[in-house]
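> Attaching a single structure in structure tokens format; questions to follow.
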Amino acid sequence: MIFDNIMKSTKEKKVLILIGGGFLMAIAIVALILMRTIRSIHQANRQVYELRLYLEKKHSRSVNARTAIKQVEAIKDSMAGLEKFLYRRGDELRLITLLEDLSNRHHILQKIIASNLDTPSNHRVSMTLNLTGSYLNILEYLQSLEKADYFISINRLHLSSFVDRNKQNADPQTSLDIEFSLYVAN
């Protein structure tokens with residue numbers, strides 16, 4: 001009987017140990033599976049976050065590209081009307097005629113001192129003029145030149161006044177030396 005009790009208790013202990021061991025193994029397996037799953041979830045979460053950042057950058061670039069394309073189209077549209085204001089090779093006579101007409105209209109004596117109309121350099125044509133006339137006529141000439149159909153860039157302007165001593169009771173005259181340049185379009 002004692003031996004039977006010991007056997008029973010040994011069998012019960014074995015069963016309890018077996019059940020406890022199985023339970024611990026089940027917990028360990030579940031813990032390993034959960035840890036791997038949690039690690040996979042964190043890794044997937046990080047990849048999704050990186051993908052979201054990448055897609056946001058791509059979207060931002062796409063929006064910027066669309067905006068830039070619209071701006072380029074707007075610039076092209078506005079530039080179409082500016083063609084008539086550009087100096088082109090072969091416009092030498094047109095420019096000289098404009099300058100002569102301005103000097104005649106404003107009663108000014110005009111001399112072309114220097115120009116590179118025949119050989120533009122660095123896409124620029126430059127001219128140096130000497131204008132002689134009354135102060136108001138010269139100002140009106142400059143105002144008309146400013147309104148001309150060309151984009152004129154004035155590089156140097158020298159204004160001086162003098163009286164012609166050869167003429168009695170002569171009005172003071174004004175002399176203007178002006179150096180300007182134009183962009184030459186191809």
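> Between Leu129, Leu136, which is surrounded by 13 or more Cβ atoms within 10 Å (Cβ to Cβ) and among the aliphatic types (A, V, I, L, M)?
Leu129
> Is it the case that Lys76 is in the same structural domain as Glu179 (by TED's automatic domain parsing) and either under 30 Å from Ile154 (Cβ atoms) or touching a helix residue (DSSP H, G or I) at 6+ places or on another chain (Cβ under 7 Å) (or both)?
So Lys76 does not fit the description; no.
> To continue, here is another question. Condition test on Ile75, is it of a type in the set (A, V, I, L, M), without any contact (Cβ under 8 Å) to a residue 60 or more places away in the chain, under 30 Å from Ser144 (Cα atoms) and touching a Phe, Trp or Tyr at 6+ places or on another chain (Cβ under 8 Å)?
no
> With segment 106-186 as the region, which strands (runs of 3 or more DSSP E) entirely inside it contain at least 3 residues that are free of Cβ contacts under 8 Å to residues at least 40 places away in the same chain?
Result: 109-115, 152-162.
> Quick one: Glu100 ticks every box in (1) surrounded by 17 or more Cβ atoms within 10 Å (Cβ to Cβ); (2) assigned to a helix (DSSP H, G or I); (3) not aliphatic (A, V, I, L, M) except a single one, so which number is it?
The one condition Glu100 does not meet is (1).
> If you take the residues in segment 113-125 that are closer than 18 Å to Ala148 by Cα and modelled with pLDDT of 85 or more, which one is surrounded by the fewest Cβ atoms within 10 Å (Cβ to Cβ)?
Filtering segment 113-125 for residues that are closer than 18 Å to Ala148 by Cα and modelled with pLDDT of 85 or more, the one surrounded by the fewest Cβ atoms within 10 Å (Cβ to Cβ) comes out as Arg124.
> Going through segment 150-186 one residue at a time, which ones are in contact with a helix residue (DSSP H, G or I) (Cβ under 8 Å, 6 or more places away or on another chain) and surrounded by fewer than 12 Cβ atoms within 10 Å (Cβ to Cβ)?
Correct list: Ser161, Pro172.
> Among the residues of segment 66-92, write down those that are surrounded by 10 or more Cβ atoms within 10 Å (Cβ to Cβ) and of a type in the set (Gly, Ala, Ser).
Across segment 66-92, the qualifying residues are Ala68, Ala74.
> Exactly one of (1) in a helix (DSSP H, G or I); (2) among the β-branched types (Val, Ile, Thr); (3) surrounded by 12 or more Cβ atoms within 10 Å (Cβ to Cβ) is unmet by Val63. Its number?
Among (1) in a helix (DSSP H, G or I); (2) among the β-branched types (Val, Ile, Thr); (3) surrounded by 12 or more Cβ atoms within 10 Å (Cβ to Cβ), the lone unmet condition for Val63 is (3).
> Right, next: State the number of residues belonging to segment 88-106 that are of a type outside the set (A, V, I, L, M) and within 17 Å of Ser144 (Cα to Cα).
8
> Quick one: count up the residues across segment 143-173 that are modelled with pLDDT of 85 or more and either closer than 17 Å to Leu109 by Cα or more than 33 Å from the chain's Cα centre (by Cα) (or both).
Of the residues in segment 143-173, 9 are modelled with pLDDT of 85 or more and either closer than 17 Å to Leu109 by Cα or more than 33 Å from the chain's Cα centre (by Cα) (or both).
The values are calculated or read from the model by the stated rules, or taken from the named source; none is laboratory data. All values reported here derive from a predicted model rather than from experimental measurement. As a convention, Cβ positions derive from the backbone with ideal geometry for all residues, glycine included, and neighbour counts pool all protein chains shown.
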